[in-house]
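Every number here is computed from the coordinates shown, using simple stated rules; none is lab data. All of these numbers come straight from a predicted model, not from anything done at the bench. Because the Cβ atoms are built from the backbone with ideal geometry, glycine has one as well, and the counts that use them run over all protein chains shown.
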Amino acid sequence: MNYFKRSFIILCVLSINHCFAQTNTNSYPDYLQPDHAVNAVTMVMVHDVVSPPVAARYYAYTMMGAYNIVAANNKSIPQLQKFVKDYKANTTLDTITFKYDYKIAAFYSILETAKLMLPSGFMLKDDEDAFVQLLQKTNVDKTIIANSVKVGEMASKIAVGFSKTDHYSQLSALKRYTPIKDESKWYPTPPGYFEAVEPNWRTIRTMVIDSATQYKPAALIPFSKDTTSAFYAQVKAVYNISKHLTTDQLNTALFWDCNPFAITTSGHMAIGYKKISPGGHWMHIAGLVTKQAGLDFDHSTEVITLESLTLMDAFISCWEEKFTSNRIRPETYINRYMDVKWQPVLQTPPFPEYTSGHAVISNASAEILTYLLGDNFAYTDNTEIPFGSSQRDFKSFKQAAAEASMSRFYGGIHYMQSIENGNVQGQNVGKGVIAKIKKAGVMPLVK
């Protein structure tokens, strides 16, 4: 195991220091903070270079086992079958007769589910062992530990079983994507010229919203090379802002980069950098604000789970549009028709432009977190510190979402139409999720 991974385990699971310098305000032990387990899962995803939509899927299923355990022990938490599509009630966790600690079981389930699902999930065995050893050192009864681990494994088995019914396993059998020979369409971009990421993601079953097409964005501005056209004006705006970025605009672009794998070239040498995914960034935000709000274990798990489900649906909705409209990226257009040497501040991601993924998932996340924790929840986002960036302060989740959206314009990888319409699409997804969970009985946690 590499040094970075081991250091992360020590910080987050053993809690010698608080991961990401968070302050614990809850009464239950710090080592049972559910976000510690999520952070460990995130680092394995960083190791595996998991693409953004796939990462969101992993987060959703990883949290389902923990949520089910909490719901089985706290009847005020609505059960998943009340708002998750096609999810059938499973009485296994409701009929356990032996004694266990459900918080330990739920925490363990997060690690176990990810261990079973992620390509390098085996790495999480070290986290599980470290967690059990810590419980032993804190004099938790050995029988309780063993029983709790057993329940965690049972919940994970149920979550993984449900994951096998969402069509993910069928993606590899679908037709591979081939760039369309149309100058208005997306084409792979430098420096990696990677093939399109998950072109068939629209076929994945949504978690809460009705379908991938339920929240379609507004129609595209027609492609044009005419310098007087509306589309050319969109491109020109990207080009112009890149030439006059303020320090704060540049820092904003870099802070929200969240590119799982970026390449820097030097001569004939290419160096790859791994970072957290956009969904991983918002999962960390969900974890840090549950602490700041002083939520108990049950409601912290509830918030983080609902965030993960929202992320998955937002990515499905966004990817459906991306590979329907298949719009050309600013880098390709500018290099072809305006300035062959121009490069964006951020590396262009390998998938079509419309709508902006950051706009969609950030606004969907802001909607769900605002519903649960309030409209003026101020916090400091330090997610990117381990990845070489600084922290930023926000007065609300919606302010953060607006900044995340604009970061893609500053970074030179999205037109304003994609951002503006992506904002609306994300808001609609978030509101759609809220309508379903509200009907199921999920109420705001902070007034």
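Below, the figures for the structure above:
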quantity: Amide proton proximity set for Phe261, modelled H, under 5 Å, gap of 5+; calculated: Lys275
quantity: Cβ charges +1 (Lys, Arg) and -1 (Asp, Glu), total dipole of the chain, debye; calculated: 660
quantity: Modelled FRET efficiency - R0 45 Å, Lys164 with Ile263, Cβ distances, 0.05 increments; calculated: 0.85
quantity: Which listed pairs, of Lys150/Lys447; Lys150/Lys431; Lys82/Lys157; Lys88/Lys395; Lys142/Lys439; Lys75/Lys115, have C-alpha distances above 30 Å, in listed order; calculated: Lys150/Lys447; Lys150/Lys431; Lys88/Lys395; Lys142/Lys439
quantity: Gyration tensor over alpha-carbon atoms, the stretch 213-261, equivalent ellipsoid semi-axes in Å; calculated: 25, 20, 9
quantity: Spin-label zone in the stretch 126-158 - amide nitrogen under 19 Å from a point set 7 Å from the Cα of Thr91 along the C-beta vector; calculated: 154-155, 158
quantity: Listed residue (Phe397, Gly422, Ala435) projecting farthest to the positive dipole end of the stretch 347-447, Cβ model; calculated: Ala435
quantity: Residue exposure sequence - Ser172, Ser229 - by fewest surrounding Cβ within 10 Å; calculated: Ser172, Ser229
quantity: Charge dipole of the stretch 68-116 about the Cα centre (unit charges at C-beta), most positive-ward option of Ala106, Asn74, Thr92; calculated: Asn74
quantity: For the stretch 437-445, Karplus couplings with θ = phi - 60° (6.51, -1.76, 1.60), whole Hz, Gly/Pro x; calculated: 6, 5, 5, 6, x, 7, 10, x, 9
quantity: Normalised contact order of the chain, rounded percent, pairs of Cα under 8 Å and 6 or more residues apart; calculated: 21
quantity: Per principal axis, descending, Cα span of the stretch 3-169 in whole Å; calculated: 41, 39, 27
quantity: q = 0.14 Å⁻¹, the stretch 178-440: log10 I(q)/I(0) [Debye, one scatterer per Cα]; calculated: -0.96
quantity: Sequence-distant aspartates and glutamates (8 or more away, or on other chains) whose Cα lies within less than 15 Å of Lys236; calculated: Asp226, Glu331, Asp339
quantity: Dipole in debye (nearest 20) - the stretch 238-338, about Cα centre, beta carbon charges: Lys, Arg +1; Asp, Glu -1; calculated: 680
quantity: For Arg205, Arg327, Arg176, order by how many other beta-carbon atoms lie within 10 Å, fewest first; calculated: Arg176, Arg205, Arg327
quantity: Trp342 paired with Ala218, simple spin-label distance in nm, labels 7 Å along Cα-to-beta-carbon; calculated: 2.3
quantity: Ascending count of other beta-carbon atoms within 10 Å, so fewest first, for Cys258, Cys318; calculated: Cys258, Cys318
quantity: Nitroxide proxy distance, nm - points 7 Å out along Cα→Cβ at Asp296 and Lys175; calculated: 5.4
quantity: The stretch 3-169 - percent relative contact order, Cα under 8 Å, separation 6 or more; calculated: 27
quantity: Cα-centre dipole for the stretch 3-169 with unit charges at Cβ (Lys and Arg positive, Asp and Glu negative), debye to 20; calculated: 280
quantity: In degrees, nearest ten, helix 357-373 long axis to first principal axis of the chain (Cα); calculated: 40
quantity: Helix 52-73 vs. the chain, principal-axis angle (Cα, 0 to 90°, nearest 10); calculated: 20
quantity: Long-range Cα-Cα pairs in the stretch 182-284 (distance over 15 Å), rounded percent; calculated: 80
quantity: Rh by Kirkwood over Cα pairs, then Stokes-Einstein D for the stretch 85-239 at 0.890 mPa s and 25 °C, µm²/s; calculated: 120
quantity: Farthest positive-ward along the stretch 178-440 dipole, Cα basis, beta-carbon charges - from Tyr410, Gly279, Ile209; calculated: Tyr410
